[in-house]
1. Can you name every residue in the stretch 396-422 that is open to solvent by 30 Å² or more (accessible area, probe 1.4 Å) and aliphatic (A, V, I, L, M)?
2. Name every residue in the stretch 298-332 that is open to solvent by 50 Å² or more (accessible area, probe 1.4 Å), in a strand (DSSP E or B) and among the β-branched types (Val, Ile, Thr), in order of residue number.
3. Between ALA441, ALA475, ALA425, ALA500, which is open to solvent by 10 Å² or more (accessible area, probe 1.4 Å) and within 30 Å of the chain's Cα centre (by Cα)?
4. Has the stretch 227-243 got at least one residue that is hydroxyl-bearing (Ser, Thr, Tyr), over 21 Å from ALA96 (Cα atoms) and modelled with pLDDT of 90 or more?
5. Of all the residues that make up the stretch 178-222, how many are in contact (Cβ under 8 Å) with a residue 12 or more places away in the chain and not in a loop (DSSP other than H, G, I, E, B)?
6. Pull up the stretch 88-103, narrow it to residues that are in a loop (DSSP other than H, G, I, E, B) and surrounded by 15 or more Cβ atoms within 10 Å (Cβ to Cβ), then point me to the one that is nearest to the chain's Cα centre (by Cα).
7. Does at least one position in the stretch 159-180 carry a residue that is open to solvent by 20 Å² or more (accessible area, probe 1.4 Å), under 30 Å from TYR221 (Cα atoms), within 44 Å of the chain's Cα centre (by Cα) and of a type outside the set (Ser, Thr, Tyr)?
8. Only residues that are surrounded by 15 or more Cβ atoms within 10 Å (Cβ to Cβ) and within 16 Å of CYS142 (Cβ to Cβ): list them for the stretch 181-195, please.
Amino acid sequence: MESEDDFDMHDANESGEDDFYSGRDDDAGAMATYDDSDADDADYEFIDNDSDDSVDYVSHSHQQNYTILSEVDIRQRQEDDITRISTVLSISKVEAGILLRYYSWNVSKVHDEWFADEEKVRRSVGLLEKPVVPFPDGEMICGICFETYPYDLLRAAACGHPFCNSCWSGYISTAISDGPGCLMLRCPDPSCVAAVGQDMISALASDEDQEKYSRYFIRSYVEDNRKTKWCPAPGCDYAVDFIFGSGNYDVTCRCSYSFCWNCTEEAHRPVDCDTVAKWILKNSAESENMNWILANSKPCPKCKRPIEKNHGCMHMTCTPPCRFEFCWLCLGAWSEHGEVTGGYYACNRYETAKNEGTFDEEEKRREMAKLSVEKYTHYYERWATNQSSRQKALADLQQMQSLHLEKLSETQCQPESQLKFITEAWLQIIECRRVLKWTYAYGYYLPENEHAKRHFFEYLQGEAESGLERLHQCAEKELQVYLNAEEQLKDFNEFRSKLAGLTSVTRNFFENLVRALENGLSDVNSRGACSRMGSSKSLGSGSSRGRTGKGKGSTPRSSGSNRNIDDSGH
């Protein structure tokens, strides 16, 4: 149920909806307040971005700390690294490639190890300076098939051990079929450690095997390098080269998929990777099923199978083949029940035993399981609903770009380049849905005993959803008027300013929300805090002056028809 504060918040949201984005200075003193009657007063303010609504969308993004690599880019980087090592160490490109693969494409480590002890590196990697055995000038027996061949039909690695071309081809083909281990192929002689380079592969392998080897070679540059990873999106062939030290692992690939570079799950700020792992495991584990069974069922006294009672009287009959009849309350045989024990809808035996404390532990355990299920269901449903809303927004954006923008450009006499503010609004909606989704995982694991933080978190979550709904409403419902128009409307520029302003304010608020949650709401002290949200900084925008409503530990309900989420904050 909603408290009076909840209703007050809703009323304030309705009355202050226009002021939220109005930018009027006279509203600055009428900001919404967050009150905890049992807590001491303390300040909490978001960081002011001092942003202007007219600034281009890209300027709001944090400085990119990664590079998206196509296959061409990877090949070029590989070639550059091989050339650099070959030049500095005065070795062939084939040997440079072997060295780099051995040291996981770490150029600096190759330099350090080589100049520290060249001989040791050569022995470890298999780069022999001199042949172990002299290569024959005449006929020689192949060490694999033991057939005699002339020297022009024999080949050897740097070690000089001769094998016929046919055996080499079979050896190489088998190694390539076994997987990426072929990149560190050694001489077939069991006692030899000489490396087999790419020149031997090119000369002796089939076209199909050469293609496989080339793919392994390309993939090794990404998979063996700790600074690069493949985009985890299905069917995507791009890789990401990441620059450490920025503290932000969010990456957006050219395929439009956003993910966390650290754990390769979908982008999940403001939640850390450990929390995401726990949440995903919880969603897929059987523990919640068992909790639900414990909370909503009782075992048959005879066969012990769990039984759920969803309506009707207390007379229960187990399913075949058991068919045991018992009382739902005391679990005693129904043959011992009747009018004397309370009839079909009560049980005097149960009430007596309960008063004596017989069922205390069982009832307590069942109640705890029920509360656990209710809490998980509350957060999971809202997490999943925001995920569905995000998918819907993605589909709406694609439809907007492929169908509606061209028509809007014609009817409103605007070049498509001037309609970018619409795309930016939808991109912001998509990003905000993602952030809002993960705030529910954040809230689930927020400790119950940190009441001030939990109340303030729920307040911020409600404000975020309220602001996002305004942006979504404007980008979806209000834009429809212009999409359906058959002629140019005079107030289109006013709509442009409004939507751009909503986009900017919502972006700033969510950026500040993410920072606050990533910092663990550190400004909220253990006794309680946040007696007020300071001026326009609480929205993260110098251009916005209004705030919407006030509440105590509540989350407002959204107004969108297909995005309505009941957030009572429990």
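The values are calculated or read from the model by the stated rules, or taken from the named source; none is laboratory data. No experiment lies behind these values; they were computed from the predicted model shown. Heads up, the Cβs are rebuilt from the backbone with ideal geometry, glycines too, and the neighbour counts pull from every protein chain shown. Heads up: the accessible areas ignore ligands, DNA and RNA and are worked out on the full protein's heavy atoms, side chains in. Shrake-Rupley method; radii C 1.70, N 1.55, O 1.52, S 1.80 Å.
1. LEU403
2. THR317
3. Details: ALA441 fails: open to solvent by 10 Å² or more (accessible area, probe 1.4 Å); ALA475 fails: open to solvent by 10 Å² or more (accessible area, probe 1.4 Å); ALA425 fails: open to solvent by 10 Å² or more (accessible area, probe 1.4 Å).
After applying the criteria, what remains is ALA500.
4. Yes: the stretch 227-243 contains one or more residues that are hydroxyl-bearing (Ser, Thr, Tyr), over 21 Å from ALA96 (Cα atoms) and modelled with pLDDT of 90 or more.
5. Restricting attention to the stretch 178-222, the residues satisfying the condition of being in contact (Cβ under 8 Å) with a residue 12 or more places away in the chain are 179-180, 182-189, 192-201, 203-206, 209, 212-213, 216-222.
From what's left, not in a loop (DSSP other than H, G, I, E, B): 180, 182-184, 186, 195, 198-201, 203-204, 209, 212-213, 216-222.
Matching residues across the stretch 178-222 total 22.
6. My answer is TYR103.
7. Yes, the stretch 159-180 contains a residue that is open to solvent by 20 Å² or more (accessible area, probe 1.4 Å), under 30 Å from TYR221 (Cα atoms), within 44 Å of the chain's Cα centre (by Cα) and of a type outside the set (Ser, Thr, Tyr).
8. Hits for the stretch 181-195 are CYS187, PRO188, ASP189, CYS192.
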